Amino acid sequence: MFRVFGRDYAATHPYRLALRGVLERCDQDTQGDWAVAFNLMDDQRVSVEEEDRLKTYTGTAPGATTLTEGVVTYFKKEVRWADRPAFLAAHNSVNRIPVTTGHPANPGLHPGLDLVRVLVLTWLKEVYWRNVDHPSGEFRELDGHEKDLDYFRAWLKRKCQASGFPLDGFVDATLRMLNQDRRKYRFHPVWATPWEDFEPFMADGPTRWRQILGVRPRQPDSSVWLILLKYKVYEAGDLCRPNQLHSDWCCCHYPSPQEAPLEHGGYAMDLAGGASSLVREYIHEQTDHWLEHFTAAGRRIGEADTSDPAPLSVLRHRHQELLVRFYGENTRRWKP
């Protein structure tokens, strides 16, 4: 018996050899590939229809490399750069979060529920570089310094260490830039968390904000500058429960258990491994953000360290134990 996307196959599945190949090539330095392979085997949030769509990118008998490249290409074309990302397609309707008003017992999220997201400014360098002539004038200093990473890091640090009106002016210009830029350069999905789940970690600082939401930098920065944005469910548009295919080839995703209610979405894996409660997470399309979202979050900005205190295998094990505590032994699907 072999599993792919949480479905058991008595006969050989087209991905069996590819997934075995991914697992066999893994070592201490490629734990991320190992984690994603197990996710692909177990993530029951991927529908049969979406799996069939994935096969148009991987082929029906891929090797390990072809499978990896196919998943990444699927993500880029069907999610990241798509006018309408795959998580909003009909085949993913079972993961669409209901939005409801009325009796509190009704399943779903209230449209007025507060959400929070982390926006990593350091990762926006390409966007800043192509918008040096923004009408605000906030990014003019970057003109002539495109692709100069050291200059960009120093410039961003100066901007983020400002206070009062200069800081608000920079953040306002950044958000307005993104609102306009996304019309041409799509970048889905946005990952969001209920404010009430995130608030207990607010005083812990920016590194902890990043960790509790499962944000692991993939770029070689020793630190990143980030801000918090607080907004309402109705401003986000359609919310969905995430799956591995909507997360790129990302090892920080961990599939939500079958027993979890739809309105909980997924659960972010704590990259410090110390959480004692589950933090819900959702994905949605890019949406407009405004300075009011920054001020609603308390004008919180900071520099986050990008190192994490434990290996990926330990973090996944701790997250699994947390799921077992809340949902029982049936969620113990494998030993990370």
Review point. Filter the range 268-279 for residues that are in contact with an Asp or Glu (Cβ under 9 Å, 6 or more places away or on another chain) and surrounded by fewer than 24 Cβ atoms within 10 Å (Cβ to Cβ); which is farthest from residue 216 (Cα to Cα)?
Key: 277
Point to revise | Where a residue in the range 297-320 is assigned to a strand (DSSP E or B) and its partner, wherever it lies, is crowded, with 19+ Cβ neighbours inside 10 Å and charged (D, E, K, R), with Cβ under 7 Å and at least six apart | key: 304/210
Review point. Does residue 98 satisfy the criteria of being surrounded by fewer than 13 Cβ atoms within 10 Å (Cβ to Cβ) and in contact (Cβ under 8 Å) with a residue 60 or more places away in the chain?
Key: yes
Practice item. Given the conditions (1) within 18 Å of residue 304 (Cβ to Cβ); (2) touching a Pro at 6+ places or on another chain (Cβ under 8 Å), report the number of the one that residue 119 does not fulfil. Key: (2)
Study note, to complete from the structure: Checked against (1) among the basic types (Lys, Arg); (2) at pLDDT below 95; (3) under 23 Å from residue 217 (Cβ atoms), residue 332 satisfies every condition except (3)
Check your understanding: If you check residue 323 against the conditions, is it out of contact with any strand residue (DSSP E or B) (no Cβ under 8 Å at 6 or more places or on another chain), outside any loop (DSSP other than H, G, I, E, B) and in contact (Cβ under 8 Å) with a residue 12 or more places away in the chain?
Key -> no
**Study point:** Among residues of the range 215-269, those that are touching a Phe, Trp or Tyr at 6+ places or on another chain (Cβ under 8 Å), of a type in the set (D, E, K, R), more than 17 Å from residue 187 (Cβ to Cβ) and part of a loop (DSSP other than H, G, I, E, B), counted
**Key:** 2
Practice item. Identify the residue in the range 35-59 that is among the hydrophobic types (A, V, I, L, M, F, W, C) and either assigned by TED's automatic domain parsing to the domain that holds residue 316 or in a helix (DSSP H, G or I) (or both) and, among all such residues, is surrounded by the fewest Cβ atoms within 10 Å (Cβ to Cβ). Key: 48
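What residue, of 185, 151, is touching a residue at least 24 places away in the same chain (Cβ under 8 Å), among the aromatic types (Phe, Trp, Tyr) and either in a helix (DSSP H, G or I) or within 30 Å of residue 254 (Cα to Cα) (or both)?
Matching residue, one of 185, 151: 185.
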**Study point:** From 79, 99, 71, residue being touching an Asp or Glu at 6+ places or on another chain (Cβ under 9 Å), of a type in the set (A, V, I, L, M, F, W, C) and modelled with pLDDT under 95
**Key:** 99
Practice item. Look through the range 60-88, keep the residues that are touching a residue at least 40 places away in the same chain (Cβ under 8 Å), among the small types (Gly, Ala, Ser) and touching a helix residue (DSSP H, G or I) at 6+ places or on another chain (Cβ under 7 Å), and return whichever of them is surrounded by the fewest Cβ atoms within 10 Å (Cβ to Cβ). Key: 63
Check your understanding: Can you pull out the residues in the range 205-235 that are among the charged types (D, E, K, R) and over 15 Å from the mean Cα position of the chain (by Cα)?
Key -> 208, 221, 230, 232, 235
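The values are calculated or read from the model by the stated rules, or taken from the named source; none is laboratory data. The shown structure was predicted, so the numbers you read here are calculated from the model rather than taken from an experiment. Neighbour counts run over all protein chains shown; Cβ positions are idealised from the backbone, glycine included.
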